[in-house]
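Report on one structure; see the data block that follows.
No lab work stands behind these numbers, since they all come straight from the coordinates. Treat the numbers as computed from the prediction; the structure is a model and nothing was measured. Cβ placement follows ideal geometry from the backbone for every residue including glycine, while neighbour counts extend to all protein chains displayed.
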Amino acid sequence: MPTPQRDFSQRQPDASNGMHSRSLLDTVSFSQDDILELFSKADELERRQNETGSFGDPSRKRVLALLFFEPSTRTRMSFQIAAERLGYSVVTLESAATSSLSKGESLSDTVLNVLAMRPDGLVVRYGKDDDLACLLPTLEIPIFSAGTGVLAHPTQALLDAYTIERICGVRDTRVLLVGDIRHSRVARSNFDVLGKLGAAVGICGPQEWLPAEPRKNVRVFSNLDEAAAWCDVYMGLRVQHERHAKAADVSAYNREFGLTASRLQILKKDAIIMHPGPINHGVEFSHEVMNDPRYRVLQQVTNGVLIRAALLARAFEDTGV
Ligand code: CP
């Protein structure tokens with residue numbers, strides 16, 4: 001007998017719609033207290049790692065399934081390292097090419113089949129799939145977004161804020177996001193998290209890559225030199241060529257909107273330079289930037305493991321932190 005087609009068209013990807021309370025598909029459902037509690041868990045896990053070499057000693061073995069329908073290095077590997085340091089096992093679907101997606105299976109069918117194997121949690125990165133967006137919030141195990149199209153990258157924004165919090169505190173800190181804001185899921189999640197933590201947020205970029213609608217409490221700079229002098233945190237964003245209809249002129253972009261050697265002179269002496277990665281060197285950042293003492297990009301990556309471990313520990317309550 002043929003399997004009936006599921007119709008998810010009436011289900012909205014709404015955090016209140018039956019989603020597991022420890023899932024994280026967007027930061028919108030995360031309060032300021034949730035964020036600060038997560039930061040404390042991350043601090044505690046780091047202390048444990050320094051003392052014992054691992055994050056915990058779980059009494060129950062967990063299996064986490066990572067489903068990456070778009071490429072990733074940092075998010076995928078840091079979820080994996082976080083899970084393994086918590087004592088969990090990890091299984092990974094890395095790409096469409098190596099799975100039955102290449103034979104025409106849909107994303108939502110793939111997820112339903114993986115769920116039928118009874119993992120304890122799912123980490124999912126996907127682009128645009130309405131069925132999947134409707135399906136995920138209905139699942140009964142914790143689901144974590146590892147990046148959802150241009151809509152959300154909650155763990156990236158949380159690790160960004162955690163990095164700023166540890167260096168200089170987020171409240172009243174001036175954070176500048178530069179570049180391809182309109183196509184950036186990182187920017188969207190950062191607007192939410194930084195706003196909740198009381199940062200002053202500014203943006204600068206080519207007119208056609210600024211948000212289509214003005215964002216509340218976000219200052220728009222037309223001149224990057226002025227913006228660079230204003231900020232305490234300079235966050236470059238990747239030019240997302242794969243989401244553009246027309247190829248960008250990267251040399252012109254670097255001159256007008258890149259962090260160049262001359263703009264390094266404009267930044268405050270104690271500013272922080274961040275980027276979610278991957279970086280297009282010579283485009284968002286000139287080559288001098290990664291040798292600047294204010295460059296904190298690898299610290300962001302290290303903190304990504306702590307934040308993702310804290311989210312998993314929070315979901316499964318294994319470590320007692
Ligand atoms: N920042 C980020 O999401 O990097 P990856 O695409 O490598 O995971």
FRET E, pair Asn291, Val91, Förster distance 35 Å, beta-carbon r, rounded to 0.05:
0.35
Where does each of 262-273, 78-89 land if you order them by average Cβ count within 10 Å, highest first?
78-89, 262-273
Using only the Cα atoms of the stretch 91-171, each taken as one equal point scatterer with no solvent, compute I(q) by the Debye sum, divide by I(0), and report log10 of the ratio at q = 0.18, 0.23 Å⁻¹.
-0.82, -1.16
Among Cys231, Ile273, Ala161, which residue has its Cα furthest toward the positive end of the charge dipole of the stretch 155-298, with +1 on Lys/Arg Cβ and -1 on Asp/Glu Cβ?
Ala161
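What FRET efficiency comes out for Ser54 versus Met117 if R0 is 30 angstrom and r is the Cβ-Cβ distance? Round to the nearest 0.05.
So, using R0 = 30 Å, E works out to roughly 0.70.
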Under the 7 Å Cα-to-Cβ spin-label approximation, Ala248 and Ser102 lie apart by a distance in nanometres of 3.1 nm
Projected area averaged over all directions for the convex hull of the alpha carbon atoms of the stretch 254-321, nm², comes out at 5.9 nm²
How big, in percent, is the set of alpha carbon pairs in the stretch 155-298 lying more than 22 Å apart?
31 percent
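For an R0 of 22 angstrom, estimate the FRET efficiency from the Cβ-Cβ distance between Gln32 and Asn217 and round to the nearest 0.05. List each step's numbers first, then the result.
Details: r = 15 Å, r/R0 = 0.67.
The computed FRET efficiency comes out at 0.90.
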Using the 10 angstrom Cβ neighbour count as an exposure proxy, how do Met235, Met19, Met77, Met117 rank, fewest first?
Met117, Met77, Met19, Met235
Using the number of other C-beta atoms within 10 angstrom as an exposure proxy, rank His244, His153, His183, His287 with the fewest first.
His287, His244, His183, His153
When DSSP assigns beta bridges and you keep just the ones with both residues in the chain, what percent turn out antiparallel, to the nearest 5?
5 percent
Using the Karplus curve 6.51 cos²θ - 1.76 cosθ + 1.60 with θ = phi - 60°, what ³J(HN,Hα) values do you get for each residue of the stretch 84-89, in whole Hz, with x for Gly and Pro?
5, 6, 8, x, 8, 9
What whole number of Å gives the distance from the Cα centroid of the stretch 161-233 to the Cα centroid of the stretch 98-140?
32 Å
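Based on other C-beta atoms within 10 Å, arrange Asp34, Asp26 from fewest to most.
Ordered from fewest to most neighbouring Cβ atoms within 10 Å, Asp34, Asp26 come out as Asp34, Asp26.
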With each run of n ≥ 4 DSSP H residues scored as -39500 (n - 2.57), what mean residue ellipticity at 222 nm is computed for the chain after dividing by its residue count and rounding to the nearest 500 deg cm²/dmol?
-11000 deg cm²/dmol
With N residues in the chain, what two-decimal value do you get for its Cα radius of gyration over 2.2 N^0.38 Å?
1.01
